[in-house]
Amino acid sequence: MVKVAPSVLSANFAELKKDLDSIQKYGADWIHYDVMDGHFVPNISFGYSILADVKKVSDLYLDVHLMISDPKKYVDEFIKAGADLITFHIEAMESEEKTRELIEYIHQHNKHVGISIKPATPVSTIEKYLNDLDLVLVMSVEPGFGGQSFQDMAIAKIKELKDKRQDAHYLIEVDGGINDQTGKLCKDAGADVLVAGSYVFNADNRQAAIDSLK
């Protein structure tokens, strides 16, 4: 059974604790926390101070997705704020050396680490790091905005990552346009974690929405 990680980006922040309690009650496994800087992606979301607030009101696993230009500059703040998993974008990294340093740095602080790839980025770009990762996040939409339609090219990437896993232990996560239909395609291809924002938080029946992704 896959893990379901509702994206807090779609929550009602005036009722944040109530929303987080709701998704936990109905079977969500993780909270997906999208960080956008207005530079790496055109939108701006929220930072580490709100993550610390989320940590205070929920004991769900905190899956932090950094869509920012300089993840190393801010990673300490997200570690301190309570992230359990920190995922950064390979497209934001300037070299293999810097990428390996960041992976090692996050692990040294007893946090899980993931790398994310945009729709146009091939799996081969991150193949050299796979044995050192806890998770690979496949973006099935362009990062930066919610509500986009799922891009089918993600399915081939999920299958490729599953085939390459062998002795590695990373989870395969998919984010973007996830609903009951696209979620099933991802599960069948080998996905372990499904990120869903509006599909869960805007559902009339959150229990049914989460159950449909399991």
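Values in this text are rule-based calculations from the coordinates and carry no lab data. If you're wondering where the values come from, they're calculated on a predicted model, not measured in any experiment. All Cβ positions, even for glycine, are placed from backbone atoms using ideal geometry, and neighbour counts span all protein chains on display.
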Practice prompt. Express in nm, to one decimal, how much length is gained between ASP167 and HIS107 on full extension, taking 0.36 nm for each residue of separation and deducting their alpha carbon distance.
Written response: 19.7 nm
Item to complete: Using 0.36 nm per residue of separation minus the Cα-Cα distance, give me the extension gain between SER49 and GLU91 in nm, one decimal.
Response: 12.6 nm
Response to the item:
Note, region 154-163: 3J(HN,Hα) by Karplus (6.51, -1.76, 1.60, θ = phi - 60°), whole Hz, Gly/Pro = x, goes 5, 4, 5, 5, 4, 4, 4, 5, 5, 5
Worksheet entry | Whether region 91-214 is rounded, prolate or oblate, judged on the alpha carbon gyration tensor where a/c under 1.5 counts as rounded | prolate
Worksheet item: In debye, nearest 20: dipole of the chain around its Cα centre with unit charges on the Cβ of K, R (+) and D, E (-)?
Response: 320
Worksheet item: If one puts a single equal scatterer on every Cα of region 67-154 and applies the Debye formula without solvent, what log₁₀ I(q)/I(0) results at q = 0.16, 0.17, 0.23, 0.26 Å⁻¹?
Response: -0.63, -0.71, -1.20, -1.41
Response to the item:
Sorted by chain and then number, the residues having a modelled amide H within less than 5 Å of the amide H of GLY177, at least 5 places away or on another chain, are GLY147, GLN148
Practice prompt. Select one label from [x] 14.0; [y] 11.3; [z] 10.6: the one whose number is mean projected area of the Cα convex hull in nm² as derived from the coordinates shown.
Written response: [z]
Worksheet entry | Fraction of antiparallel bridges per DSSP, the chain only, in percent to nearest 5 | 5
Worksheet item: So which lysines pass the test for LYS17, namely a Cα distance under 25 Å, with those fewer than 8 places away in the same chain ruled out?
Response: LYS3, LYS25, LYS55, LYS56, LYS80, LYS111, LYS214
